[in-house]
Amino acid sequence: SIGEVVEMLKRFKTSGNAKENEIFACMVHNLFDEYRFFSKYPEKELRITGILFGTLIQEQLVSSITLGIALRYVLEALRKPPSPPGTTTSSGKMFQFGMFALEQFKGRLHEWPQYCSHIVQIPHLKDGYAELVSEIEAAMVESQNRAAASGTGSSGAQTAPAKEQGNFASNQGTAASTKASGTVPSSNSSASSLELPAPVIPVDAKPRVA
């Protein structure tokens with residue numbers, strides 16, 4: 001089951017056994033590398049893959065550059081137009097993948113308000129998934145409330161969006177170069193450098209093979 005796979009990944013990631021660490025890195029690498037083929041997956045396999053992909057994010061099994069790329073892949077998938085009723089298209093399958101994945105980590109969206117702002121601007125989500133958009137907008141409000149409660153201050157609140165936008169833009173470039181080269185960065189990087197809206201990727205970040 002997906003739950004068993006996730007528990008195994010958790011064990012392997014934190015294991016003191018180098019071989020298990022390597023297996024974890026390879027599994028994540030292979031999942032990311034398969035992204036370009038998701039549009040060809042049968043519906044059942046697409047659903048399982050989407051849930052697993054989103055669960056990696058929810059359970060913090062990916063961090064730093066790898067987390068940024070995972071979020072970028074989900075955003076790219078959500079931007080694909082859904083299949084028209086009664087049909088199945090490649091773009092529609094990618095959209096389905098994005099929806100399956102997003103559903104798994106909605107509980108963490110408040111951590112990335114800038115990421116949320118990109119999602120709620122997608123036209124077909126605003127038109128056909130108003131309830132989902134409302135949930136994401138609520139996550140953005142929650143993020144603002146948490147920032148205010150933590151005493152960020154008005155100046156911090158004003159400068160944060162610009163900083164997040166710059167970091168997210170650099171992450172888009174990282175994801176693009178990753179797809180072009182077919183490599184995926186290590187999943188064991190520290191999350192401390194991540195600023196994907198409070199976590200994205202440092203401007204000078206370069207992907208590296210896991």
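The values are calculated or read from the model by the stated rules, or taken from the named source; none is laboratory data. Because the structure is predicted, anything quoted here is derived from the model rather than measured. Glycine also receives a Cβ, built like all others from the backbone with ideal geometry; neighbour counts cover every protein chain displayed. All accessible areas refer to the heavy atoms of the entire protein, side chains included, with ligands and DNA or RNA removed. Shrake-Rupley method; radii C 1.70, N 1.55, O 1.52, S 1.80 Å.
Within segment 61-71, can one find any residue that is assigned to a helix (DSSP H, G or I) and open to solvent by 20 Å² or more (accessible area, probe 1.4 Å)?
Step one: list which residues in segment 61-71 are assigned to a helix (DSSP H, G or I), which gives 64-71.
With the extra rule that they be open to solvent by 20 Å² or more (accessible area, probe 1.4 Å), the set shrinks to none.
No, every residue in segment 61-71 fails to be assigned to a helix (DSSP H, G or I) and open to solvent by 20 Å² or more (accessible area, probe 1.4 Å).
Name every residue in segment 1-47 that is of a type in the set (Ser, Thr, Tyr) and in a helix (DSSP H, G or I), in order of residue number.
Here is the first cut: in segment 1-47, the residues of a type in the set (Ser, Thr, Tyr) are 1, 14-15, 35, 39, 41.
Thr14, Tyr35, Ser39 - these are the residues of segment 1-47 that are of a type in the set (Ser, Thr, Tyr) and in a helix (DSSP H, G or I).
Please find, within segment 119-132, the residue that is least open to solvent (accessible area, probe 1.4 Å) out of those that are more than 18 Å from Gln104 (Cβ to Cβ) and in a helix (DSSP H, G or I).
Val120
Residue under question is Val74, and the condition is that it be within 10 Å of the chain's Cα centre (by Cα) and assigned to a loop (DSSP other than H, G, I, E, B); does it hold?
Numbers: within 10 Å of the chain's Cα centre (by Cα): yes; assigned to a loop (DSSP other than H, G, I, E, B): no.
In short, no.
Which ones in segment 104-134 are farther than 19 Å from Arg146 by Cβ and within 15 Å of the chain's Cα centre (by Cα)?
Across segment 104-134, the qualifying residues are Gln104, His118.
Has segment 42-65 got any residue that is closer than 14 Å to Ile122 by Cα and β-branched (Val, Ile, Thr)? Before you say what the answer is, go through the steps one by one.
Pass one, segment 42-65, residues closer than 14 Å to Ile122 by Cα: none.
Within segment 42-65, none of the residues are closer than 14 Å to Ile122 by Cα and β-branched (Val, Ile, Thr).
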